[in-house]
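Novice: Quick one: structure below, then a few questions.
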Amino acid sequence: MTAGIRIAMWSGPRNISTAMMRSFGNRPDTYVSDEPFYAHYLAYTGKEHPGREEIIAHHESQWEKVAKDLAGPIPQGKAVWYQKHMSHHLMAHMDREWMVGLRHAFLIRSPREMLASLAQVLEEPQLVDTGLPQQVELYEWFEARTGERAPVIDARDVLEHPRHVLEQLCAAVGIEFCEDMLHWPAGPRDTDGIWAKYWYDAVERSTGFAPYKPSTARVPPRLKPLLRQCEPLYARLHERRLT
């Protein structure tokens, strides 16, 4: 493991993960990576996502190469490498030794709000698509491996109290809080995945964390059984969150 601080933030879909990447990306000492295993995930699972073939062609799809890079020198000579991960992109066949030297954190969101949003882009999402079982498994793997508890932050807490939560998160991963994390210039970034054109319109217009507003969307009746599966997984992480 090359010197420097690498932060692996494990999130699920329909969260504030891209805004969090913007926050860290605005630090002068930090390089960010946007879902580095996404191309492998698409190539391996065969899932149809917007821009699938373009993503696989443009980004590295061999997970071993990606993992080696993530543990290698930090680009641009930066001191911190913030890695935005979707937890369901780390699949069972992928070795985890590359992860040992990273500092892990977890970003969660109320499953009721997450599923109401996810149902708008996936007709029949399954539990595996929520990333929650993978987040819980990864959290427990890290704790068993190191004897430490990784920091967990909830999207609602971040939106309601961004400075407070970010100060706690920075302390937990061993870096100084930076005022630049609270605001950033609007627009795209060179570090955004090529899929940004399909998903990042709102983020590209943003200049900071938007105030929390309860979602008015409802979980469709057909997804109520899935919601019941998600709630205990979310609760296990929520009770460990930074407050």
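The values are calculated or read from the model by the stated rules, or taken from the named source; none is laboratory data. Predicted model only: the values in this text are computed from it and were never measured. No Cβ is skipped: glycine too gets one built from the backbone with ideal geometry, and neighbour counts run over all protein chains shown.
Novice: Can you work out which of the residues in the stretch 120-164 that are touching a Leu at 6+ places or on another chain (Cβ under 7 Å) and in a loop (DSSP other than H, G, I, E, B) is surrounded by the fewest Cβ atoms within 10 Å (Cβ to Cβ)?
Specialist: Pro125
Novice: Please specify each residue of the stretch 41-55 satisfying the condition of being among the small types (Gly, Ala, Ser) and either surrounded by 15 or more Cβ atoms within 10 Å (Cβ to Cβ) or touching a Gly at 6+ places or on another chain (Cβ under 8 Å) (or both).
Specialist: Within the stretch 41-55, Ala43, Gly51 meet the criteria.
Novice: Let me ask another. It is to be established whether one or more residues within the stretch 48-56 are at positive phi and not acidic (Asp, Glu).
Specialist: Yes.
Results for (1) assigned to a loop (DSSP other than H, G, I, E, B); (2) hydrophobic (A, V, I, L, M, F, W, C); (3) over 20 Å from Thr18 (Cβ atoms), shown as yes or no for each residue.
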position	(1), (2), (3)
Glu53	no, no, yes
Ile56	no, yes, yes
Glu64	no, no, yes
Ala67	no, yes, yes
Tyr82	no, no, no
Ala92	yes, yes, yes
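Novice: Here's another thing I want to ask about it. Please list, ordered by first then second residue, the pairs with beta carbon atoms under 6 Å, 6 or more apart or interchain, first in the stretch 114-137 and more than 18 Å from Arg218 (Cα to Cα), second part of a helix (DSSP H, G or I) and among the polar types (S, T, N, Q).
Specialist: Gly131/Ser87; Gln134/Ser87; Gln135/Ser87
Novice: Glu179: touching a helix residue (DSSP H, G or I) at 6+ places or on another chain (Cβ under 8 Å), more than 26 Å from Ser215 (Cα to Cα), surrounded by fewer than 17 Cβ atoms within 10 Å (Cβ to Cβ) and acidic (Asp, Glu), yes or no?
Specialist: No, not satisfied.
Novice: I'd like the residue in the stretch 1-25 that is assigned to a loop (DSSP other than H, G, I, E, B) and polar (S, T, N, Q) and, out of all such residues, is surrounded by the most Cβ atoms within 10 Å (Cβ to Cβ).
Specialist: Asn15
Residue-wise test of (1) farther than 18 Å from Gly187 by Cβ; (2) of a type outside the set (Val, Ile, Thr); (3) touching a residue at least 40 places away in the same chain (Cβ under 8 Å).
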residue	(1), (2), (3)
Asn15	yes, yes, yes
Thr18	no, no, yes
Arg27	no, yes, yes
Tyr38	yes, yes, yes
Ala43	yes, yes, no
Gln62	yes, yes, no
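Novice: Since Pro28 meets every condition but one in (1) at pLDDT below 95; (2) of a type outside the set (Lys, Arg); (3) surrounded by fewer than 20 Cβ atoms within 10 Å (Cβ to Cβ); (4) in contact with a Lys or Arg (Cβ under 9 Å, 6 or more places away or on another chain), which condition does it not meet?
Specialist: Just one mismatch for Pro28, condition (1).
Novice: For the stretch 201-209, state whether one or more residues are touching a residue at least 40 places away in the same chain (Cβ under 8 Å), part of a helix (DSSP H, G or I) and under 29 Å from Gly25 (Cβ atoms).
Specialist: yes
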